[in-house]
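Data first, discussion second: the structure below is written as structure tokens.
The values are calculated or read from the model by the stated rules, or taken from the named source; none is laboratory data. Keep in mind that this is a model prediction, so the values were computed, not measured. Because the Cβ atoms are built from the backbone with ideal geometry, glycine has one as well, and the counts that use them run over all protein chains shown. When the accessible area is computed, the model is the full protein with side chains, heavy atoms only, and any ligands, DNA or RNA have been set aside. Shrake-Rupley method; radii C 1.70, N 1.55, O 1.52, S 1.80 Å.
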Amino acid sequence: MNAVTPIRTTAEQALLGALGALEPAGAALQDLRSAGFARFEETGLPHRRVEEWKYTDLRAMMREARPLAGAPDASALLAAKVAIGRLPRVGGSRIVLVDGYLAPDIADTGPFPEGVTVSGLADALVRRPELAALLAGQPATRANSAFALNSAFLTDGLLVEIAPGTAVGHALDVISVTSEGAPRLVNSRIVVIVGAGASAGIVETHIGPAGTDYQKNVVMQVVVRDGATLEHGRRQIEGDQALHLSTIEAEVGAEAHFDSLTLTTGAAVSRNQLFVRFAGEQSNVTLRGVTMLNGRQHADTSLVMDHAVPNCESRETFKHILDGEAHGVFQGKIIVQPIAQKTDGRMMSQTIMLTEGPAMDNKPELEIFADDVACAHGCTCGRLDEDLMFYLKARGIPHKEAEALLVEAFAREAIEDFGEDTLGEAVEELREALLASVTDWMRARG
């Protein structure tokens, strides 16, 4: 039998060449790279014949691979400091990554709260080789091409640890900046471990220059131990020509809570992946998102919620607001394993089309292998309610302002109760920042 050699695209050839040119690393890190390289070499960039990527043909969309970003120089750090200065501050302590590298000198923050430890991932891996098992990812994540590529390019990253029993009243503000200049590929890995009985909030923001077709592949791995709570807010406001790949992997222990909210307004092409697994009973997870697209933007949200133990609850609510010729995608899957009796899982995707030009693909799925469960999914697509528009306009509100009010109310449903338990005063700042993004987006629309 003749072996079939796959035809590599220009981008795949460049990526494989760059992977082979990386500097050697420590044994544990090198093993992770090798596993990622082998997986990517086997699969290449995902395309529309791969079911999970059928609506986001990355092989076609990523025609060229940008060179891997190196450590930022002094001018890049200065420009990044100016860029983050324009962002509204949320949370108490700020952590800054520039081109995927930790930049403590421009974070402009005091000491971290007691019980919070922040360190470089490569150094931590040398001191604690057991972290390699976590970094390798869960089976569903390891099979993912974007995760494999991130592992293959792994050089360093960020490790955030919350000590058991610690209550962090203000959110940690993590900002990832892509510097100006020639287009580059930014590869970033963030690991968050919340100790047993601890509670914390993290706000993650991704920004970059407009007019530059840079590429970013970022992975966040979260471990929420027994009895712990983590509220995770995420703002993806990348430059208008960027390609943004994001993977969130979370393992949630017993009697724990994980709540993640993602706001997406940036990048020409983006994909937000979530892989969440229940590892202990009596836990609950809430995943939510607000996506606002115009022009020819493309944004894909794909999630897998794995109920691997009994007596857990999950809620997924995603809002999409589309204009121009934008393309939105939602793929959500709830898996209920045979052992996971008394599961309560509900998923909803809702879309508002502001004009006739956008397109939305929805694919909600349930895979249920247990018989004592309460699970449901649904999706809606439509225009703004004409009766409500008439009601507002009849009271003297101009058409555009009436649209903005209804869109803000639509988005607010996913935002209004986020972070109530742990973010303290920072939650109001975050909510206002998210809602301001909705208002700014509507204003930019005209």
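Kindly establish whether LEU135 is open to solvent by 40 Å² or more (accessible area, probe 1.4 Å) and not in a loop (DSSP other than H, G, I, E, B). It is false that LEU135 is open to solvent by 40 Å² or more (accessible area, probe 1.4 Å) and not in a loop (DSSP other than H, G, I, E, B). Residues in the range 148-176 that are farther than 24 Å from GLU428 by Cα and either in a helix (DSSP H, G or I) or of a type in the set (A, V, I, L, M, F, W, C) (or both): ALA148, LEU149, ASN150, SER151, ALA152, PHE153, LEU154, LEU158, LEU159, ALA163. Only a single item in (1) free of Cβ contacts under 8 Å to residues at least 12 places away in the same chain; (2) within 24 Å of the chain's Cα centre (by Cα); (3) open to solvent by less than 60 Å² (accessible area, probe 1.4 Å) is not met by ALA69, and it is number (1). No other residue among GLY289, GLY253, GLY266 is farther than 19 Å from ALA146 by Cβ and not hydroxyl-bearing (Ser, Thr, Tyr) apart from GLY253. Within the range 254-268, the set of residues being surrounded by 22 or more Cβ atoms within 10 Å (Cβ to Cβ) and not acidic (Asp, Glu) comprises ALA256, PHE258, SER260, LEU261, THR262, LEU263, THR264, THR265, GLY266, ALA267.
Which residue out of VAL329, VAL309, VAL373 is touching a His at 6+ places or on another chain (Cβ under 9 Å) and more than 23 Å from LEU261 (Cβ to Cβ)?
Result: VAL373 is the single residue among VAL329, VAL309, VAL373 that is touching a His at 6+ places or on another chain (Cβ under 9 Å) and more than 23 Å from LEU261 (Cβ to Cβ).
Every test in (1) of a type outside the set (Gly, Ala, Ser); (2) touching an Asp or Glu at 6+ places or on another chain (Cβ under 7 Å); (3) open to solvent by 70 Å² or more (accessible area, probe 1.4 Å) is passed by LEU384 save one, and that test is (3).
Pairs linking a residue in the range 304-331 that is within 17 Å of ALA376 (Cα to Cα) and hydrophobic (A, V, I, L, M, F, W, C) to a residue that is open to solvent by 20 Å² or more (accessible area, probe 1.4 Å) and modelled with pLDDT of 95 or more, with Cβ atoms under 6 Å and 6 or more positions apart or on different chains, are VAL304/PHE275; VAL304/LYS333; PHE330/ASN362.
If I ask for residues that are assigned to a helix (DSSP H, G or I) and buried (at least 17 other Cβ atoms within 10 Å of the Cβ), which ones from the range 102-132 would you list? Talk me through it step by step, then tell me what you get.
Within the range 102-132, the subset assigned to a helix (DSSP H, G or I) is 104-106, 121-127, 131-132.
Scanning the range 102-132 gives ILE106, LEU121, ALA122, ALA124, LEU125, LEU131.
Within the range 43-69, the set of residues being among the acidic types (Asp, Glu) and closer than 18 Å to PHE147 by Cα comprises GLU51, GLU52, ASP57. Of the residues making up the range 38-62, those that are in contact with a helix residue (DSSP H, G or I) (Cβ under 6 Å, 6 or more places away or on another chain) and either outside any helix (DSSP H, G or I) or buried (at least 21 other Cβ atoms within 10 Å of the Cβ) (or both) are PHE40, GLY44, LEU45, PRO46, HIS47, MET62.
Could you check, for the range 218-240, whether at least one of its residues is open to solvent by less than 20 Å² (accessible area, probe 1.4 Å) and farther than 30 Å from THR155 by Cβ? The answer is no; no qualifying residue exists.
Return a yes/no flag: does the range 296-315 have any residue that is closer than 24 Å to ALA140 by Cβ, within 22 Å of the chain's Cα centre (by Cα) and open to solvent by 50 Å² or more (accessible area, probe 1.4 Å).
Taking the range 296-315 first, the residues closer than 24 Å to ALA140 by Cβ are 298-315.
Next, only the ones that are within 22 Å of the chain's Cα centre (by Cα) stay: 298-307, 313-315.
Pick out the ones that are also open to solvent by 50 Å² or more (accessible area, probe 1.4 Å) and you get 313, 315.
For the range 296-315, residues closer than 24 Å to ALA140 by Cβ, within 22 Å of the chain's Cα centre (by Cα) and open to solvent by 50 Å² or more (accessible area, probe 1.4 Å): present.
Name the residue that is farthest from LEU435 (Cα to Cα), counting only residues in the range 281-290 that are of a type outside the set (D, E, K, R) and open to solvent by 10 Å² or more (accessible area, probe 1.4 Å). Selected residue: GLN282. Could you check, for the range 18-28, whether at least one of its residues is over 25 Å from PRO129 (Cβ atoms), of a type in the set (A, V, I, L, M, F, W, C) and either open to solvent by 40 Å² or more (accessible area, probe 1.4 Å) or at pLDDT below 90 (or both)? Yes, the conditions are met somewhere in the range 18-28. Residues in the range 340-373 that are open to solvent by less than 40 Å² (accessible area, probe 1.4 Å), out of contact with any helix residue (DSSP H, G or I) (no Cβ under 9 Å at 6 or more places or on another chain) and among the hydrophobic types (A, V, I, L, M, F, W, C): 5 in all. When the range 63-95 is filtered for residues that are hydrophobic (A, V, I, L, M, F, W, C) and assigned to a loop (DSSP other than H, G, I, E, B), the ones remaining, listed by number, are ALA65, ALA69, ALA71, LEU87, VAL90.
Taking the criterion of being part of a loop (DSSP other than H, G, I, E, B), more than 20 Å from ILE202 (Cβ to Cβ) and modelled with pLDDT of 90 or more, would at least one residue in the range 397-408 satisfy it?
Checking the range 397-408: at least one residue is part of a loop (DSSP other than H, G, I, E, B), more than 20 Å from ILE202 (Cβ to Cβ) and modelled with pLDDT of 90 or more.
Filtering GLU432, GLU428, GLU413, GLU408 for residues that are under 20 Å from THR264 (Cα atoms), open to solvent by 40 Å² or more (accessible area, probe 1.4 Å) and touching a helix residue (DSSP H, G or I) at 6+ places or on another chain (Cβ under 6 Å) leaves a single hit, GLU408. Determine whether GLY197 is assigned to a loop (DSSP other than H, G, I, E, B), out of contact with any strand residue (DSSP E or B) (no Cβ under 7 Å at 6 or more places or on another chain) and farther than 30 Å from ALA60 by Cα. For GLY197, the condition - assigned to a loop (DSSP other than H, G, I, E, B), out of contact with any strand residue (DSSP E or B) (no Cβ under 7 Å at 6 or more places or on another chain) and farther than 30 Å from ALA60 by Cα - is met.
Hey, can you tell me all the residues within the range 160-210 that are surrounded by fewer than 24 Cβ atoms within 10 Å (Cβ to Cβ), of a type in the set (A, V, I, L, M, F, W, C), closer than 14 Å to VAL118 by Cβ and over 20 Å from the mean Cα position of the chain (by Cα)? If the condition is that a residue be surrounded by fewer than 24 Cβ atoms within 10 Å (Cβ to Cβ), of a type in the set (A, V, I, L, M, F, W, C), closer than 14 Å to VAL118 by Cβ and over 20 Å from the mean Cα position of the chain (by Cα), then ALA163 is the only one that fits. For the range 337-364, the tally of residues that are polar (S, T, N, Q) and in a strand (DSSP E or B) stands at 5.
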